[in-house]
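Quick notes on the structure that follows.
The values are calculated or read from the model by the stated rules, or taken from the named source; none is laboratory data. Remember, it's a predicted structure, so these values are computed and weren't measured experimentally. Because the Cβ atoms are built from the backbone with ideal geometry, glycine has one as well, and the counts that use them run over all protein chains shown.
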Amino acid sequence: MPAGRVAAVRAIPVVAALAGVMLSACGLSLNGTGGNQAYRSGYAAGAAARAHHTFPHGATKLHVTAFCVESAVTDVRAVKYAVLPWTEGFEKGCLHK
C-alpha cells in the first residue's frame, strides 16, 4: 500500500473523532454563555498541549493536526464552558506555532 494511502487510512479515525467532538460541541454550546472565556481557556489548553509535546523532526501538518484532535478529545471531557468556543480556541492554540 503506498505511503499516501496509509496516511489517509490512519487519518480516518482522527477525522471521525473530530467530527464527533464538533457535533457534540454544537449541542453543548447552545447556552451562549461564557463564549470568550471558553475560547481563551481552549486556546491556552491547546497552546500548552502543543508546547509540552515533542514532535519528530519534519513532522507533517497531518501529524500535528492528529495530535491536536486527540488532545482535544481527551481534554474536552473536563470542559465546564461552552464547548464550541473552547474547541475553536483549542484548535487555534494547538495548531498555531
Pairs returned, first residue in the range 34-62 that is within 19 Å of Thr74 (Cβ to Cβ) and among the polar types (S, T, N, Q), second residue that is modelled with pLDDT of 90 or more and surrounded by 13 or more Cβ atoms within 10 Å (Cβ to Cβ), beta-carbon separation under 8 angstrom, 6 or more apart or interchain, are Ser41/Gly89
Show me the helices (runs of 4 or more DSSP H) entirely contained within the chain in which 1 or more residues are modelled with pLDDT under 55 and crowded, with 17+ Cβ neighbours inside 10 Å. 3-28
